[in-house]
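Here's the structure, in structure tokens; my notes come after.
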Amino acid sequence: MTDGDRGRAVQAGPEDAARLVRLREEIQGRLEELALIHARLVGRRLDPTTVRKFVPVNTKEELSGGYHHIEIVGDGAGCAIYCDSGEVIAESPCGQAGDNPCS
């Protein structure tokens, strides 16, 4: 959106609404799976109040460094680093892998 946009709310039609509901369910299921794998790898237990998320936290410099840093569970409690080489690093709390985790 630009400064000139006023924003709006639009109700989805039946087909779009049905597809959006299915997509939300798929995404929630995948987020739960990510969080469970992450928790197992770092030795944590998830409780029902733990926020599951998929939030890129890369800086511009990190994006050019060959990896993607993703927050998996809320408040910086757990992140995953996806290296361009195919490696994946689970960390808890976020930031434990250091400044150049994929080297």
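The values are calculated or read from the model by the stated rules, or taken from the named source; none is laboratory data. All of these numbers come straight from a predicted model, not from anything done at the bench. Here the Cβ is made from the backbone with ideal geometry for all residues, glycine too, and neighbour counts use every protein chain on show.
If the condition is being loosely packed, with under 10 Cβ neighbours inside 10 Å and aliphatic (A, V, I, L, M), then segment 1-58 contributes M1, A9, V10. Within segment 57-91, can you find the residues that are more than 14 Å from the chain's Cα centre (by Cα) and modelled with pLDDT of 90 or more? Once the filter is applied, which keeps residues that are more than 14 Å from the chain's Cα centre (by Cα) and modelled with pLDDT of 90 or more, segment 57-91 yields C83, S85, G86, E87. Checking each residue in segment 52-103 for being outside any loop (DSSP other than H, G, I, E, B), more than 19 Å from V42 (Cα to Cα) and of a type in the set (D, E) picks out E61, E62. Would you pick out the residues in segment 72-92 that are surrounded by fewer than 19 Cβ atoms within 10 Å (Cβ to Cβ), without any contact (Cβ under 8 Å) to a residue 24 or more places away in the chain and within 14 Å of V51 (Cα to Cα)? If the condition is that a residue be surrounded by fewer than 19 Cβ atoms within 10 Å (Cβ to Cβ), without any contact (Cβ under 8 Å) to a residue 24 or more places away in the chain and within 14 Å of V51 (Cα to Cα), then G76 is the only one that fits.
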